[in-house]
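The values are calculated or read from the model by the stated rules, or taken from the named source; none is laboratory data. Keep in mind the model is a prediction, meaning the values are calculated, not measured. With ideal geometry, Cβ positions are generated from the backbone for all residues, glycine too; neighbour counts draw on all protein chains shown. For accessibility, only protein heavy atoms count, side chains too; no ligands or nucleic acids. Shrake-Rupley method; radii C 1.70, N 1.55, O 1.52, S 1.80 Å.
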Amino acid sequence: MIVVLILGTFGITVAIRQMVGGYLLKKTDTQLNRQASLVFSNIRQLSQEDSDKSALGPTDYFLQIRDDGSNIMTTPLTPSLPSGIVSTPNLPASGTMGNVQISVPFTTSAHVSYTNVPGDPDSTTVGIAKAPWRVLALKWEVQGAEGQSDTHGVLFIGLSLSDQIDTMRTLTKYCIVFGASMVLMGAALALFIVNSTLMPLKRIEKTAAKIAQGDLSQRIPAVPETTEVGSLSASLNSMLARIEQSFHEQTETTNKMKRFVSDASHELRTPLAAIHGYAELYKMQRDYPGALERADKSIEHIEASSTRMAVLVEDLLSLARLDEGRGIELNHEINLTTLVNDTSEDLHALDPARTIQRGIIDLGRTNPTVSTSDQPNIDDLGSRKKAKSGTPKVSGQLLNATKPMNFQFSEAAIPEVHLQGDPSRIRQVVTNIVGNIHRYTPSDSPVQIAMNVLPATIDPHQLSTLPSNYASFAKFIEAVEVGETTHIGNYYAVMQYIDHGPGVPPESRQKLFERFYTADPSRAREKGGTGLGLAIAQSIVKAHKGLICATESDGGGLTFTIVLPLAEIATYQKSTVQGQKSNIQHGSAAKGKAQSNVHSESAAIDGILKKDNTHADSQQPSARD
């Protein structure tokens, strides 16, 4: 940049010199043309002027008159400088014109003579005397009196260029000084701008050095994004945030993998150790009396251990396939209504004494409370009924009375819902939940199974990335509240399995979907659990772009909520209207068939209840698979 300034200053100086020099020379030529006739008319007067004074008037002119043969007739004007120095232009010799053209100004050197110079002449005066001359040759003619011939010849008039040269030198000095000042100011300004511009880059360099040392939390200080450095800083900060997130995710994945391998090894070692132990026991006791009976018992234990190991390996294989995106097909139609009804019948078959209610869920606007379990809690079902009548039993800090904190169950017919997905995998999810209810809750505790289609302003991709905890559940409820008001977003199928068993402690509830996690490992083995069922269910639901979470039931117990996306609101409403039109034609026949099925189902259930009431299970385990 400094080189550019120097070259620019030099170019400007040369251009100014050329322009001013040409202007002054042209002005001198004009002055010579204008003054030639005046000087010639006053030759006699000018020759009588005091030659010692150094005026700037006509005495600064040089005048030489020649005849028509170019012979010098007289030199009436010869300017003299102080100290007796005389400067005259070098003209062609007498009797010749050389290369001089009439009426064309030309520049010639000076002839300096010293007369009566006391001591050494002044250098400044000598410099002025040696300055070149600007000379103009003109023809002159004087008409004689009557009878006399005309006289004519050549007139040389000149003017020293010392003033122009002095002006050019002064102007050059000013240009040099001004140019040098501009170069210095430009250099200082350039240095300041470069330092100011590079300062963020230096901070980027320091930040990069800290990141290279392993501190991924470092960020580049904010700079306005209107500049290149600011845009670069914003891009780098965004990249660093993603790198840090990816690194943490990789670290978390590595830790999970380590825990998974450790837990899998531990779980597989237990049945293998049992198989090995009973085999050794059989070998040790086969020569003793009663060996056959003991062998049968050993084989039974070996068979049970191998069965548990086979289930565990199958679950591990399912998880591995789901993690790789295999083992699931999402292009089939699922009838969720049939699926929910089937799981209800399965639970009734497992626990005939259990009260099972089917219904729908929607937003409930009661006065919720904050309990130690991070969500509303009412002591029992009776208290819940009182809450509906307007006398709720609350404890802790009262929340916003209009803020929905949970879905409200209403006993009603389950709506008909269809979606695209993998029917066998979704059935595996609800079967696992029903199996947990059967294994870990008393057989006579009530259960509510509900489903409904609700709008929500949350994107399915965003929903599938949420963790399986109460915060995600509350976020979805807020999205449902907004969706019901604005009618934008997507429709979701929401299923809830609500039990009123012993429940799960708050600190353990968020870990239910971790692999191999069991609240009570010993009782889980007794119940046949592997600790992978809910992890598999979570992977299946997320593969369907949904959400599964576990929350506390009103009155105690555990509620599993499954959210699966259906379609955008406009698309789903259009398809629903078309489906209703096609179903009108078959309404009457379907209604008669349904009534017949209801009567048959009621009779079958009554028979099962009478037969199996005596086998109700009174245990109340608290572990969950």
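Conditions (1) in a loop (DSSP other than H, G, I, E, B); (2) modelled with pLDDT under 80; (3) open to solvent by 60 Å² or more (accessible area, probe 1.4 Å), marked per residue:
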residue: Thr59; (1), (2), (3): no, yes, no
residue: Gly69; (1), (2), (3): yes, no, no
residue: Asn99; (1), (2), (3): yes, no, yes
residue: Ser103; (1), (2), (3): yes, no, yes
residue: Thr107; (1), (2), (3): no, no, yes
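Within region 456-471, being more than 30 Å from Asp351 (Cβ to Cβ), part of a loop (DSSP other than H, G, I, E, B) and not acidic (Asp, Glu) holds for Thr457, Ile458, Leu466, Pro467. Annotation note: of Tyr497, Tyr491, the sole residue that is at negative phi, at pLDDT 90 or above and either touching a Pro at 6+ places or on another chain (Cβ under 8 Å) or not aromatic (Phe, Trp, Tyr) (or both) is Tyr491.
On the stretch given as region 487-511, residues that are farther than 30 Å from Asp351 by Cβ and open to solvent by 60 Å² or more (accessible area, probe 1.4 Å) total 2.
Taking the numbered list (1) open to solvent by 50 Å² or more (accessible area, probe 1.4 Å); (2) farther than 30 Å from Thr88 by Cα; (3) at pLDDT 85 or above in turn, Glu205 passes all entries but (3). When the residues of region 86-96 are filtered to those that are farther than 14 Å from Ile157 by Cα and assigned to a loop (DSSP other than H, G, I, E, B), the one that is least open to solvent (accessible area, probe 1.4 Å) is Gly95.
Selection of region 536-547 for residues being closer than 14 Å to Gln462 by Cα and either open to solvent by 10 Å² or more (accessible area, probe 1.4 Å) or not in a loop (DSSP other than H, G, I, E, B) (or both) yields Val541, Lys542, Ala543, His544, Lys545, Leu547. Here Val480 meets the list (1) open to solvent by 10 Å² or more (accessible area, probe 1.4 Å); (2) more than 23 Å from Pro502 (Cα to Cα) almost entirely, failing just condition (1). The listed residues are Thr251, Thr226, and the only one of them that is more than 30 Å from Arg515 (Cα to Cα), of a type in the set (Ser, Thr, Tyr) and surrounded by fewer than 11 Cβ atoms within 10 Å (Cβ to Cβ) turns out to be Thr226. Selection of first residues in region 15-33 that are acidic (Asp, Glu) and of second residues that are assigned to a helix (DSSP H, G or I) and surrounded by 11 or more Cβ atoms within 10 Å (Cβ to Cβ), restricted to Cβ pairs under 9 Å at least 6 apart or on distinct chains, gives an empty result. Scoring Ser233 on the criteria (1) assigned to a helix (DSSP H, G or I); (2) on the phi > 0 side of the Ramachandran plot leaves a single failure, condition (2).
The set of residues in region 409-433 that are open to solvent by less than 50 Å² (accessible area, probe 1.4 Å), over 44 Å from the mean Cα position of the chain (by Cα) and either over 18 Å from Gly359 (Cα atoms) or of a type outside the set (Val, Ile, Thr) (or both) comprises Ser410, Ala412. Checking each residue in region 468-521 for being basic (Lys, Arg) and touching a Phe, Trp or Tyr at 6+ places or on another chain (Cβ under 7 Å) picks out Lys511, Arg515.
Check whether at least one residue in region 112-132 is touching a strand residue (DSSP E or B) at 6+ places or on another chain (Cβ under 8 Å), open to solvent by less than 60 Å² (accessible area, probe 1.4 Å) and at pLDDT 90 or above, and report yes or no.
Checked against the condition, which is being touching a strand residue (DSSP E or B) at 6+ places or on another chain (Cβ under 8 Å), open to solvent by less than 60 Å² (accessible area, probe 1.4 Å) and at pLDDT 90 or above, region 112-132 yields at least one hit.
Within region 330-342, the set of residues being out of contact with any Pro (no Cβ under 9 Å at 6 or more places or on another chain) and surrounded by fewer than 18 Cβ atoms within 10 Å (Cβ to Cβ) comprises Leu330, Asn331, Thr338, Asn341, Asp342.
Look at (1) within 18 Å of Ser160 (Cβ to Cβ); (2) at pLDDT below 80; (3) in contact with a strand residue (DSSP E or B) (Cβ under 8 Å, 6 or more places away or on another chain) and you find that Leu25 fails only one, number (2). The condition of being modelled with pLDDT of 85 or more and either under 30 Å from Ile2 (Cβ atoms) or in a helix (DSSP H, G or I) (or both) holds for Ile243.
Identify the residue in region 472-499 that is outside any helix (DSSP H, G or I) and among the hydrophobic types (A, V, I, L, M, F, W, C) and, among all such residues, is nearest to the chain's Cα centre (by Cα).
Across region 472-499, the extreme among qualifying residues is Ile488.
With respect to Ala550, is the statement that it is crowded, with 24+ Cβ neighbours inside 10 Å and at pLDDT 90 or above true? Yes. Inclusion of Glu146 among residues that are in a helix (DSSP H, G or I), loosely packed, with under 12 Cβ neighbours inside 10 Å and modelled with pLDDT under 85 is not warranted. Within this structure, Met168 passes the test of being in a helix (DSSP H, G or I), surrounded by 14 or more Cβ atoms within 10 Å (Cβ to Cβ) and touching a Lys or Arg at 6+ places or on another chain (Cβ under 7 Å).
Each row is one residue, and each column tells you yes or no for (1) closer than 20 Å to Glu411 by Cβ; (2) open to solvent by 10 Å² or more (accessible area, probe 1.4 Å); (3) in contact (Cβ under 8 Å) with a residue 12 or more places away in the chain.
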residue	(1), (2), (3)
Gly435	no, yes, yes
Tyr440	no, no, yes
Ile449	yes, no, yes
Asn452	yes, yes, yes
Pro460	no, yes, yes
Thr465	no, yes, no
Tyr470	no, yes, yes
Lys475	no, yes, yes
